[in-house]
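I have placed the structure first, in the form of structure tokens, so that the comments after it can refer back to it.
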Amino acid sequence: MVEHRETSIKGQTITYTVKRSLRARHVRLEVRRQTGLMVIIPHSYKIVQLPGLLESKERWISSNLERFSHFQSYSAKKKLRSGDTVPYLGRDLELVTQENHTGAGGVTLQGNTLAVSPELFRNGILELTLEYWYRAEAAKLIGERAHKLSVQMGVSYKRITIRGQKTRWGSCSRKKNLSFNWKLLMAPEPVIDYVIIHELTHLEEMNHSKRFWELVAQHCRGWREYKKWLRQHEANLAAKFCPEKLP
């Protein structure tokens, strides 16, 4: 069951979503760029307890809503120009206009710079072209890392798909197909490996049980740190540029 309610946070009225879950054991708060504040509660949780809970978490809710609001405003107004930077494998690449550019697709990686055809700036399709470039890079790098890590872990998958999910970094289906978000290419390589290991582990455990996390820890000792990094940076990565939806 899902319902929308209102509460007051630091004098401002905000609308939030309440979702009852048969699987939830504890109350969980989430703030996401696309959905705002969501409160997931166990099926037996008494709704009259919510105001007190939200009041106790007011500081956390406020800081996260402000952070996402900032990045939403940034992404809505920001248009990339020559000299701006975009994240790639945990570092910033400077966009450099290159006359007579001959690279495939109008974008070429050169050390810590991305050489870009000036036509992309003039035609207003730079953001869309960059997404195509990120997707191609993701297919190559994630494919290579997934193959190597799956051998090390002794598991096998059927195929990998690169997508643009709004709320997921990766997923694993019961048919052993893996899916990864192209924006992972903006994160440091150890973080990318964590997400890949996370999904490969689902080939053995299709849940997030204690055993699942024990298996993840066997192959990724710093998984807690990498998981935290993703939570802290997801809005920032999404706001770097905001291309139109791909077909």
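The values are calculated or read from the model by the stated rules, or taken from the named source; none is laboratory data. None of the values given here were measured: they were computed from a predicted structure. As a convention, Cβ positions derive from the backbone with ideal geometry for all residues, glycine included, and neighbour counts pool all protein chains shown. The accessibility values were calculated without ligands, DNA or RNA, using every heavy atom of the protein model including side chains. Shrake-Rupley method; radii C 1.70, N 1.55, O 1.52, S 1.80 Å.
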*Quick one: Leu203 ticks every box in (1) surrounded by 15 or more Cβ atoms within 10 Å (Cβ to Cβ); (2) aliphatic (A, V, I, L, M); (3) in a helix (DSSP H, G or I) bar one, so which box is it?*
(3)
*Pairs, please: C-beta under 6 Å, at least 6 apart or cross-chain, first residue closer than 13 Å to Trp169 by Cβ and in the range 194-212, second basic (Lys, Arg) and assigned to a helix (DSSP H, G or I)?*
Ile196/Arg145
_Against the conditions (1) out of contact with any Leu (no Cβ under 6 Å at 6 or more places or on another chain); (2) open to solvent by less than 60 Å² (accessible area, probe 1.4 Å); (3) aromatic (Phe, Trp, Tyr), where does Tyr134 fall short? Just the number, please._
(1)
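A quick yes/no check of all residues on (1) aromatic (Phe, Trp, Tyr); (2) under 20 Å from Ala217 (Cβ atoms):
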| residue | (1), (2) |
| --- | --- |
| Arg145 | no, yes |
| Ile162 | no, no |
| Trp169 | yes, yes |
| Leu184 | no, no |
| Glu199 | no, yes |
_Looking at Leu130, Leu109, Leu141, Leu126, can you tell me which residue is touching a helix residue (DSSP H, G or I) at 6+ places or on another chain (Cβ under 6 Å), modelled with pLDDT of 80 or more and of a type in the set (A, V, I, L, M)?_
Leu126
*Check the range 180-191 and report whether any residue there is of a type in the set (Gly, Ala, Ser), out of contact with any Asp or Glu (no Cβ under 6 Å at 6 or more places or on another chain) and in contact (Cβ under 8 Å) with a residue 40 or more places away in the chain.*
yes
_Against the conditions (1) open to solvent by 20 Å² or more (accessible area, probe 1.4 Å); (2) under 13 Å from the mean Cα position of the chain (by Cα), where does Lys140 fall short? Just the number, please._
(2)
*Consider Gly83 carefully, then state whether it is open to solvent by less than 90 Å² (accessible area, probe 1.4 Å), in a loop (DSSP other than H, G, I, E, B), at pLDDT 85 or above and not hydrophobic (A, V, I, L, M, F, W, C).*
yes
*Among the numbered criteria (1) farther than 19 Å from Trp213 by Cβ; (2) surrounded by 16 or more Cβ atoms within 10 Å (Cβ to Cβ), which single criterion is violated by Ser156?*
(2)
*Among the residues of the range 6-34, which ones are closer than 25 Å to Asn207 by Cα, open to solvent by 70 Å² or more (accessible area, probe 1.4 Å) and not in a strand (DSSP E or B)?*
Leu22, Arg23, Arg25, His26, Gln34
